[in-house]
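Down below is the structure, laid out as structure tokens.
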Amino acid sequence: MTVESTAAARKPRRSSKRTSAAKTPAKTPGTSGPELVQLLTPEGERVEHPDYSIDLSADELRALYRDMVLTRRFDAEATALQRQGELGLWASLLGQEAAQIGSGRALRDDDYVFPTYREHGVAWCRGVDPTNLLGMFRGVNHGGWDPNTNNFHLYTIVIGSQTLHATGYAMGVAKDGADSAVIAYFGDGASSQGDVAEAFTFSAVYNAPVVFFCQNNQWAISEPTEKQTRVPLYQRAQGFGFPGVRVDGNDVLACLAVTRSALERARRGEGPTLVEAFTYRMGAHTTSDDPTKYRADEERASWEAKDPILRLRTYLENEGAADEAFFTGLDEESETLGKRVREAVRSMPQPDRMAIFDHAYADGSALVDEERAQFAAYQASFAEEGK
Amino acid sequence: MAMEKMSIAKALNESLRKALDTDPKVLIMGEDVGKLGGVFRITDGLQKDFGEGRVIDTPLAESGIVGTAIGLALRGYRPVVEIQFDGFVFPAYDQIVTQLAKMHARSLGKIKLPVVVRIPYGGGIGAVEHHSESPEALFAHVAGLKVVSPSNASDAYWMMQQAVQSDDPVIFFEPKRRYWDKGEVDTESIPGGLHRASVARTGTDLTLVAYGPMVKVCLEAAAAAQEEGKSVEVVDLRSMSPIDFDAIQASVEKTRRLVVVHEAPVFYGSGAEIAARITERCFYHLEAPVLRVGGYHVPYPPARLEDEYLPGLDRVLDAVDRSLAY
């Protein structure tokens, strides 16, 4: 930017800062929004929405249920493995299964996903083997899967960065004349990052086929949503010139319908959409923090009543869409998955020590070559001493 | 042979034109790069000839520019982005350091990010704050990035070609006060590798190492020293990451004295790295400690004082004298 434009851009921002916000009571914005797309109530009752209709077969409903149950089982296993010292860290998705499975199952194979570090359910939908997600948390790699095999980018730790990558990728999709879409995941905390605002700007300006899927799980580590925003998050989109919609993030049907609609809009060349999935993180941000220090037990209890898996189970049972054999079979499948994950983690090989020098550069580097040789010689000196 | 005399600015423009023409995946992105042709006119006329889809005026958001360029590269494009001035790169520093530099390694080589980040850098043009800085060491320190700076028109032309073709991200520092210096460019034969240093002037008594805007100062200093009977060799580093230590070593083994010159602050600067490595490599060849000439550990001063801050002929010659006095 030029000096002139810097000055011009910054001045009004400063002067307007104080006037509007000062006296508004610090109520939690975004917890009492008027619009919340819902197709399945917490009691498991099917309701209609004028803009988002969905008609799924019993098979499809059971498939969504299976996805959520297995994802939760995988997540629970990973949490347990962290407690047993097998993983250095884990970011649990407990409570966010509907947001992830609903949006993940709305995607086409040729769509591209840019996740944060908590999108285990989306990864599941993309066909990424869940054991591959654990390498980073065990400390044997920084990724563990080829992003282009399943069109599922590597996890991104610095929050919000990936929304720009998604936008750029979507700009490329549009340039290629392809009709696929891109989805970027981020959280309510990341919505405060400049990169997310810049991604909104770029995507709107270039009409990029990208869906911004914000899982508002109410807490950014210990900071509640009111520390991030004074307006409901989905309303941010309006200021950037594209639609924002809030969906019940614990309703897998609504998440599927809303995301599908946003993706179709992107495919039609109508640009980005912000989807705010209103949900709740039932556990800690990661296994490193203690949510009992920053939030009340009653709050968690109130969200337990909105559990995404229970409500779909109630619906399946009431509709006669699943019998006892289905649920029993799924329990067994869950245990098999848990066992497979546990064994896979424990048998992950220690990476080759020389691997630290691999892939620093695509074209190679004389400096890295020199240091690799020094390191190899140093290691070899131990072998010689031992003889 | 297609020898042509052109300015560094023109050489960069011609090089970018050739890159756009050769590879449909190459894109130019940045603030004001389209109709205006960039504040230094490096992209002059390119949007007119290649269209708004190839030469893209961006919102005024540096992180957005680099972040979306990463996304475009993931999709198979080869973006060349312009950061308007050195001091404006910091909003993009996060994307460059945490994402651009690391994605190839963390994907175990599955992802390539052929992104060139062009940064007009350095002082000497009487600019206001944030328009004259030399932050190259901040980028050279980061593994995964390649950092280069041409000092003449021929290198500007060819190094840009090589940077665009590189599968690694390249931070391309353009010495803005030399944009209008002219030199011969052979647009047909590639002179040398992107990361190879070149001997800009041969000598036997002392080696001066410099890059970008300081090469000219060092050549002038060597010419002045010649009049006093001192034979000074000038090595144009060209690449700050990786560094061609073999070339510096070869020169120092001959001259036995080394002075490193750059505009950036001396403290933690490129000169420190060069001094340390060359001391390790050439300890028994050196007749004097490696000396450094550069900026002070202060914010870049107002334009009326920049001549005091920037290494000039006299400061370089003073260092030459100090080295030869050992």
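The values are calculated or read from the model by the stated rules, or taken from the named source; none is laboratory data. Predicted model only: the values in this text are computed from it and were never measured. FYI the Cβ positions are ideal-geometry reconstructions off the backbone, even for glycines, and counts take in every protein chain you see. For accessibility, only protein heavy atoms count, side chains too; no ligands or nucleic acids. Shrake-Rupley method; radii C 1.70, N 1.55, O 1.52, S 1.80 Å.
Got a number for residues in segment B:187-203 being buried (at least 17 other Cβ atoms within 10 Å of the Cβ) and either assigned to a loop (DSSP other than H, G, I, E, B) or of a type in the set (A, V, I, L, M, F, W, C) (or both)?
6
Could you grab me the full set of residues in segment A:283-302 that are surrounded by fewer than 18 Cβ atoms within 10 Å (Cβ to Cβ), over 15 Å from the mean Cα position of the chain (by Cα) and of a type outside the set (D, E, K, R)? Don't jump to the end; show me each part of the working.
Step one: filter segment A:283-302 for residues surrounded by fewer than 18 Cβ atoms within 10 Å (Cβ to Cβ), giving A:286, A:288-290, A:292-302.
From what is left, the residues that are over 15 Å from the mean Cα position of the chain (by Cα) are A:288-290, A:292-302.
A:288, A:292, A:294, A:296, A:301, A:302 - these are the residues of segment A:283-302 that are surrounded by fewer than 18 Cβ atoms within 10 Å (Cβ to Cβ), over 15 Å from the mean Cα position of the chain (by Cα) and of a type outside the set (D, E, K, R).
So residue A:194 passes all but one of these: (1) in contact (Cβ under 8 Å) with a residue 24 or more places away in the chain; (2) facing chain B (nearest Cβ under 7 Å); (3) open to solvent by less than 30 Å² (accessible area, probe 1.4 Å). Which condition number does it fail?
So the condition that residue A:194 fails would be (3).
Could you go through segment A:154-165 and let me know if any residue there is open to solvent by less than 10 Å² (accessible area, probe 1.4 Å), part of a helix (DSSP H, G or I) and more than 9 Å from chain B (Cβ to nearest Cβ).
No, segment A:154-165 contains no residue that is open to solvent by less than 10 Å² (accessible area, probe 1.4 Å), part of a helix (DSSP H, G or I) and more than 9 Å from chain B (Cβ to nearest Cβ).
Which ones in segment B:304-326 are within 22 Å of the chain's Cα centre (by Cα) and open to solvent by less than 50 Å² (accessible area, probe 1.4 Å)?
Residues satisfying the conditions are B:306, B:309, B:310, B:311, B:312, B:316.
When both residues are 6+ apart or on different chains and their Cβ atoms are under 6 Å apart, which pairs have a first residue that lies in segment A:348-369 and is facing chain B (nearest Cβ under 8 Å), and a second that is modelled with pLDDT of 95 or more and not in a loop (DSSP other than H, G, I, E, B)?
Within 6 Å, the pairs are A:359/B:104; A:359/B:105; A:360/A:368; A:360/B:105; A:362/B:104; A:368/A:357.
With the structure loaded, tell me whether residue A:311 is more than 30 Å from residue A:80 (Cβ to Cβ), in a helix (DSSP H, G or I) and among the basic types (Lys, Arg) or whether it fails that test.
no
Here are some residues: A:244, A:271, A:239. Which one is over 22 Å from residue A:42 (Cα atoms), open to solvent by less than 10 Å² (accessible area, probe 1.4 Å) and of a type in the set (Gly, Ala, Ser)?
A:271
So which pairs qualify, if the first residue must be in segment B:52-78 and farther than 14 Å from residue B:164 by Cα, the second must be among the basic types (Lys, Arg) and surrounded by fewer than 22 Cβ atoms within 10 Å (Cβ to Cβ), the Cβ gap must be under 7 Å, and the two must be at least 6 apart or on different chains?
Filtered contacts from segment B:52-78: B:53/A:175.
Checking the conditions here, which among B:34, B:67 is under 30 Å from residue A:139 (Cβ atoms), in contact with a helix residue (DSSP H, G or I) (Cβ under 6 Å, 6 or more places away or on another chain) and open to solvent by less than 50 Å² (accessible area, probe 1.4 Å)?
The unique qualifying residue is B:67.
Within segment B:107-116, how many residues are surrounded by 21 or more Cβ atoms within 10 Å (Cβ to Cβ), within 7 Å of chain A (Cβ to nearest Cβ) and of a type outside the set (Ser, Thr, Tyr)?
The initial filter retains those residues of segment B:107-116 that are surrounded by 21 or more Cβ atoms within 10 Å (Cβ to Cβ), namely B:107, B:111, B:113-116.
Cutting the leftovers down to within 7 Å of chain A (Cβ to nearest Cβ) gives us B:107, B:111.
With the extra rule that they be of a type outside the set (Ser, Thr, Tyr), the set shrinks to B:111.
Residues that pass the stated criteria total 1.
Could you look through segment B:117-144, keep only residues that are out of contact with any Phe, Trp or Tyr (no Cβ under 8 Å at 6 or more places or on another chain) and either of a type in the set (Val, Ile, Thr) or in a helix (DSSP H, G or I) (or both), and pick out the one that is nearest to the other protein chains (Cβ to nearest Cβ)?
Filtering first and then ranking leaves B:128.
Scan A:23, A:11 and give me the residue that is modelled with pLDDT under 95 and over 30 Å from residue B:61 (Cα atoms).
Working: A:11 fails: over 30 Å from residue B:61 (Cα atoms).
Exactly one of A:23, A:11 is modelled with pLDDT under 95 and over 30 Å from residue B:61 (Cα atoms), namely A:23.
Could we say that residue B:65 is within 9 Å of chain A (Cβ to nearest Cβ) and of a type in the set (A, V, I, L, M, F, W, C) here?
yes
Can you tell me which residue is farthest from the other protein chains (Cβ to nearest Cβ) among those in segment A:115-153 that are outside any helix (DSSP H, G or I) and open to solvent by less than 10 Å² (accessible area, probe 1.4 Å)?
Selected residue: A:119.
Is segment B:250-263 home to any residue that is in contact (Cβ under 8 Å) with a residue 60 or more places away in the chain and within 18 Å of residue B:136 (Cβ to Cβ)?
Yes - at least one qualifying residue is present in segment B:250-263.
Given (1) of a type in the set (A, V, I, L, M, F, W, C); (2) surrounded by 12 or more Cβ atoms within 10 Å (Cβ to Cβ); (3) in a helix (DSSP H, G or I), where does residue A:362 come up short, assuming only one miss?
All conditions are met except number (3).
One line per residue, one yes/no per condition, for (1) within 22 Å of residue B:95 (Cα to Cα); (2) in contact (Cβ under 8 Å) with a residue 12 or more places away in the chain; (3) of a type in the set (Ser, Thr, Tyr):
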residue: A:172; (1), (2), (3): yes, no, no
residue: A:178; (1), (2), (3): no, yes, no
residue: A:199; (1), (2), (3): yes, yes, no
residue: A:206; (1), (2), (3): yes, yes, yes
residue: A:212; (1), (2), (3): yes, yes, no
residue: A:218; (1), (2), (3): no, yes, no
residue: A:224; (1), (2), (3): no, yes, no
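Here are B:50, B:40: which of them is within 14 Å of another protein chain (Cβ to nearest Cβ), within 19 Å of residue B:127 (Cβ to Cβ) and open to solvent by 10 Å² or more (accessible area, probe 1.4 Å)?
That would be B:40, the only listed residue that is within 14 Å of another protein chain (Cβ to nearest Cβ), within 19 Å of residue B:127 (Cβ to Cβ) and open to solvent by 10 Å² or more (accessible area, probe 1.4 Å).
Within segment A:304-334, track down each residue that is under 23 Å from the mean Cα position of the chain (by Cα) and surrounded by fewer than 18 Cβ atoms within 10 Å (Cβ to Cβ). Break it down stepwise before answering.
Of all residues in segment A:304-334, those under 23 Å from the mean Cα position of the chain (by Cα) come to A:304-312, A:334.
If the condition is that a residue be under 23 Å from the mean Cα position of the chain (by Cα) and surrounded by fewer than 18 Cβ atoms within 10 Å (Cβ to Cβ), then A:304, A:305, A:310 are the ones that fit.
(1) among the polar types (S, T, N, Q); (2) open to solvent by 30 Å² or more (accessible area, probe 1.4 Å); (3) within 24 Å of residue A:166 (Cα to Cα): which one isn't true of residue A:259, the others all being true?
(2)
Which one of B:184, B:174 is surrounded by fewer than 18 Cβ atoms within 10 Å (Cβ to Cβ) and either aromatic (Phe, Trp, Tyr) or part of a strand (DSSP E or B) (or both)?
B:184 is the lone residue from the list that is surrounded by fewer than 18 Cβ atoms within 10 Å (Cβ to Cβ) and either aromatic (Phe, Trp, Tyr) or part of a strand (DSSP E or B) (or both).
Just need a number here: residues in segment A:94-110 that are part of a helix (DSSP H, G or I) and within 19 Å of residue A:55 (Cβ to Cβ).
4
How many residues, within segment B:68-106, are in a helix (DSSP H, G or I), at the interface with chain A (Cβ under 8 Å from one of its Cβ atoms) and of a type outside the set (A, V, I, L, M)?
Residues flagged as in a helix (DSSP H, G or I), at the interface with chain A (Cβ under 8 Å from one of its Cβ atoms) and of a type outside the set (A, V, I, L, M) within segment B:68-106 amount to 10.
What are the residues in segment A:166-187 that are more than 9 Å from chain B (Cβ to nearest Cβ), open to solvent by less than 10 Å² (accessible area, probe 1.4 Å) and closer than 14 Å to residue A:115 by Cα, if any?
A:183, A:184, A:185, A:186
Got a sec? Which of B:98, B:207 is open to solvent by 10 Å² or more (accessible area, probe 1.4 Å), polar (S, T, N, Q) and over 18 Å from the mean Cα position of the chain (by Cα)? Outline the logic, then answer.
Working: B:207 fails: open to solvent by 10 Å² or more (accessible area, probe 1.4 Å).
Sole residue among the options that is open to solvent by 10 Å² or more (accessible area, probe 1.4 Å), polar (S, T, N, Q) and over 18 Å from the mean Cα position of the chain (by Cα): B:98.
Take segment B:117-130 and flag every residue that is of a type outside the set (A, V, I, L, M) and open to solvent by 10 Å² or more (accessible area, probe 1.4 Å).
B:124, B:126, B:129, B:130
Could you tell me which numbered condition residue A:234 fails, if it satisfies all but one of (1) open to solvent by 50 Å² or more (accessible area, probe 1.4 Å); (2) at pLDDT 95 or above?
Every condition holds for residue A:234 apart from (1).
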